[in-house]
Amino acid sequence: MKKIGKIVLGGLYQKIYNLALYSIILVIAAYTVVLFYQISHLRTLVAETNAKQKESIAEISRQTMNSVLSSSMVQSTRERSYIANDLFTDAAEKVMMLGDYAGKIFADPDAYPFHEFSLPDPAKDGEITVQLLVDEDAKPNDPEVNSRLGLAANMSDMLVSLYQIGGLNSCYIALPDGVMLLADNNSAGKFDEHGNMMFISIDERAWYAGAKETGGLFFTDVVQDVFTGQIGIMLGYPVYQNGELAAVVGADLFLDNMAAAVNEATANGSFVFIVNGSGHVVFSPMKTGLLQVRANSEDLRESDNTELAEFIRSALMQNTDIQTVNIDGTDYYVAGAPIDSVGWVLVSAVSKELTDQPTIRMEEAYDSILNDAMDSFDKGLNNSKRVIIILVIVAAVLGTGAALVLAKRIVTPLETMTKRVVSLGGDNLQFRMEPALQTGDEIEVLAESFANLSAKTLQYVDQVKTVTAEKERIGAELNMATAIQASQLPRLFPAFPNRSEFDVYASMTPAKEVGGDFYDFFMIDDDHIGIVMADVSGKGVPAALFMMVSRVLIKSHLQNGEKVSEALANVNNQLCESNDAEFFVTVWVGVLEISTGKGTAANAGHEHPALRRVGGSYELISYRHSPAVATMEGIPFREHEFELHPGDSFFVYTDGVTEATNKDKELFGNDRLLEALNKKPDADPEEVLSNVMDGINSFVAGAEQFDDITMLSFKYKGPEKA
């Protein structure tokens, strides 16, 4: 903000000034709009009338053109489709004739003598002959193949006749043996540039494979003839003998005339194109864009041009009326008629721009007349604009002075309140009302709100001081509880420096200041050691208190000489008596006879221990559990026997180990636990725990710990030698 004299620029002064000025401008603008509306009302009426006349004339012109175009275009499209369909139907009928005759021959082979046949002879080029063509792996001299060729050769006269008078470009019959007889006048075309007769992979030809697969008459797509290079389609029809394929008859139908007709139909923005049943353009005069004929062309039925795709799908199934489709950025009127015999469609197209030219020229002439009529009226309107501009300037000058006076009356009490707020600090945190702030409007309400807020802030500061002191007291008590809990568990290692028969190491990492997990190991007598791993449900101080009671009870009963199952049963009953918080404890308890390595253990709903035999790897030992302790009075607990050999080790733990979670909410799990244990399976107990903890830390990668992590490793070295 900048202050010039008594005027503040960029602050609230500026905003109030702008508000007043904008209000004046809006009023003037509203007046101007009304004035312009009245002035231009007559102009609008004239313009609307002319526009309606123009629209009506253009619409009538369009309807007339569309009606004429629709009737002529649809009719010509269907006539062209009929002619093309007749061509393909005639070819199909002739191929079916070949199939019928071949079927009779193969149905009664004894009725037909062996007929001679020969290979292509270049000297007979231009003469209609029946020639033998073979696959590279075919064996025409094989007696059986030769016999079937001699039988098929009885069709030679019919093949020649249909070629001469049927309008076909070649006729043929192919056998599954990789041989075929073909009638045409192009004997020289069957040889390569070195004079070697060309082989033909008959079973890979589209007409042969299609007829064999469909079991009926088959039309190929438009292809290039392998001998002449001309474009056309090929027809194939299978012949069966006793349910087996005996032969495939077929014919070539060159479509050079159809391609020429498509090209000749292009004139003055109109053209014809043909799409096959696979949605590919097979004939078109277009050299670029969607309608260009090319190998591996786009399936127009699946084109990104949804208008064209929908039209092609419809036209392949039925005759269509005239429609408008945008193709490669140009709008066309199109009409389609299917060629049913081959499943193609013939489409006629004419540029919409071409047909709309008369209407466009009419609209342009009308626009010229309308523009001339309105020019004179616009001159008078410009004079009115100049008068309005002068009025706006005068009003702006008067409004500026009024805005400055209004801004000063509003901003003065706000400045007073701002200075008082800025002065608050240190011991002076109370904002108080002053006479200058009693304006009787929203400013007075804002000042009262500041006063109330400052009073509440002082109260809040006092409360924060009280809460902080209480929190520090609770923190000190939790630290003491942590120290007390840690002191309850064995934490001096080596635990039994005078005993060489075994080695034990344990640790507990609580999730909070205090935890509910605990471990314990103690000598019951000189030859028996008790080992406990337990997990109290819940967290924090209540769980820690329940933990200490449970630990004392379990240790007491075992040191009294009770069996493992008996001790757990008694502890269970004692804990259930006053368990109002409904805590429970999962426990694994074991007692080992040191001199023999034999022992008993019980598992009350706890994790499976991991055992390693000397020279082997750690494995989880799974067996049926008993219920958790403190769940219900009077329940029995199972125990089982085990035996350790010198060098054996076992590892017990709480669920905080396997349920350690990383940032992706994945669990550490049993597999990763075994992997960490077997990182160095013969390690001493302290190193075993270190390896597992390293594995957990690497897995969680800094994620928050949600459960206590407690572990114990025991290694049996055998009885002390005398």
**Asked** assigned by TED's automatic domain parsing to the domain that holds D517, of a type in the set (S, T, N, Q) and out of contact with any Phe, Trp or Tyr (no Cβ under 9 Å at 6 or more places or on another chain): does that describe N670?
**Response** yes
**Fill in**
Within the stretch 493-549, residues free of Cβ contacts under 8 Å to residues at least 40 places away in the same chain, hydrophobic (A, V, I, L, M, F, W, C) and more than 25 Å from L575 (Cα to Cα) come out as A495, F496
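A quick yes/no check of all residues on (1) crowded, with 16+ Cβ neighbours inside 10 Å; (2) closer than 30 Å to G599 by Cα:
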{"site": "S649", "(1), (2)": "yes, yes"}
{"site": "D655", "(1), (2)": "yes, yes"}
{"site": "T661", "(1), (2)": "yes, no"}
{"site": "E687", "(1), (2)": "no, yes"}
**Item:** Residue among L159, L182 that is without any contact (Cβ under 8 Å) to a residue 60 or more places away in the chain, out of contact with any helix residue (DSSP H, G or I) (no Cβ under 6 Å at 6 or more places or on another chain) and outside any loop (DSSP other than H, G, I, E, B)
**Value:** L182
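This table checks each residue for (1) over 19 Å from L489 (Cβ atoms); (2) at pLDDT below 95.
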{"position": "K539", "(1), (2)": "no, yes"}
{"position": "L568", "(1), (2)": "yes, no"}
{"position": "F583", "(1), (2)": "no, yes"}
{"position": "E593", "(1), (2)": "yes, no"}
{"position": "T600", "(1), (2)": "yes, no"}
{"position": "G615", "(1), (2)": "yes, yes"}
**Message:** Criterion first (of a type in the set (S, T, Y) and either farther than 30 Å from N572 by Cα or crowded, with 16+ Cβ neighbours inside 10 Å (or both)) does S626 satisfy it?
**Reply:** yes
**Asked** For F254, which of the numbered conditions (1) under 50 Å from the mean Cα position of the chain (by Cα); (2) at pLDDT 90 or above; (3) of a type outside the set (G, A, S) fails to hold?
**Response** (2)
**Prompt:** When the residues of the stretch 516-531 are filtered to those that are crowded, with 22+ Cβ neighbours inside 10 Å and out of contact with any Gly (no Cβ under 8 Å at 6 or more places or on another chain), which remaining residue is farthest from P627 (Cα to Cα)?
**Reply:** I529
**Item:** Selection count where residues are touching a helix residue (DSSP H, G or I) at 6+ places or on another chain (Cβ under 6 Å) and crowded, with 22+ Cβ neighbours inside 10 Å, scope the stretch 554-582
**Value:** 4
**Request:** Determine which member of the set F642, F637 is in contact (Cβ under 8 Å) with a residue 24 or more places away in the chain, buried (at least 22 other Cβ atoms within 10 Å of the Cβ) and over 19 Å from I709 (Cα atoms).
**Result:** F637
**Item:** Residue list for the stretch 134-154, filter: assigned to a loop (DSSP other than H, G, I, E, B) and more than 9 Å from G178 (Cβ to Cβ)
**Value:** N141, D142
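Conditions (1) modelled with pLDDT of 95 or more; (2) closer than 27 Å to V585 by Cα, marked per residue:
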| site | (1), (2) |
| --- | --- |
| H625 | no, yes |
| F637 | yes, yes |
| Y653 | yes, yes |
| K663 | no, no |
| E686 | yes, yes |
| F706 | no, yes |
| L712 | yes, yes |
| K715 | yes, yes |
**Asked** Which condition number in (1) surrounded by 14 or more Cβ atoms within 10 Å (Cβ to Cβ); (2) touching a strand residue (DSSP E or B) at 6+ places or on another chain (Cβ under 9 Å) is the one that G215 fails?
**Response** (1)
**Request:** Could you list all residues from the stretch 582-622 that are of a type in the set (G, A, S) and within 54 Å of the chain's Cα centre (by Cα)?
**Result:** G590, A601, A602, A604, G605, A610, G615, G616, S617, S622
**Fill in**
Exception for F283 within (1) crowded, with 19+ Cβ neighbours inside 10 Å; (2) at pLDDT 90 or above; (3) of a type outside the set (S, T, N, Q); (4) farther than 30 Å from V145 by Cα falls at (2)
**Asked** Residue check: is T631 surrounded by 15 or more Cβ atoms within 10 Å (Cβ to Cβ) and over 16 Å from I531 (Cα atoms)?
**Response** yes
**Prompt:** Taking the condition surrounded by fewer than 20 Cβ atoms within 10 Å (Cβ to Cβ), outside the structural domain of A209 (by TED's automatic domain parsing) and not β-branched (V, I, T), does Y112 pass?
**Reply:** no
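Yes/no per residue for (1) touching a Lys or Arg at 6+ places or on another chain (Cβ under 9 Å); (2) more than 21 Å from K539 (Cα to Cα); (3) in the same structural domain as H528 (by TED's automatic domain parsing):
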site: G590; (1), (2), (3): no, yes, yes
site: S595; (1), (2), (3): no, yes, yes
site: E607; (1), (2), (3): no, no, yes
site: P636; (1), (2), (3): no, yes, yes
site: E639; (1), (2), (3): yes, yes, yes
site: L644; (1), (2), (3): yes, yes, yes
site: T658; (1), (2), (3): yes, no, yes
site: T661; (1), (2), (3): no, no, yes
site: L677; (1), (2), (3): yes, yes, yes
**Asked** Just checking, how many residues over the stretch 697-722 are of a type in the set (A, V, I, L, M, F, W, C) and surrounded by fewer than 22 Cβ atoms within 10 Å (Cβ to Cβ)?
**Response** 6
**Item:** Qualifying helices (runs of 4 or more DSSP H) (wholly inside the stretch 638-705; at least 2 residues being within 34 Å of the chain's Cα centre (by Cα) and of a type outside the set (G, A, S))
**Value:** 669-677, 685-700
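The values are calculated or read from the model by the stated rules, or taken from the named source; none is laboratory data. Remember, predicted model here, so these are calculated numbers, not experimental data. Heads up, the Cβs are rebuilt from the backbone with ideal geometry, glycines too, and the neighbour counts pull from every protein chain shown.
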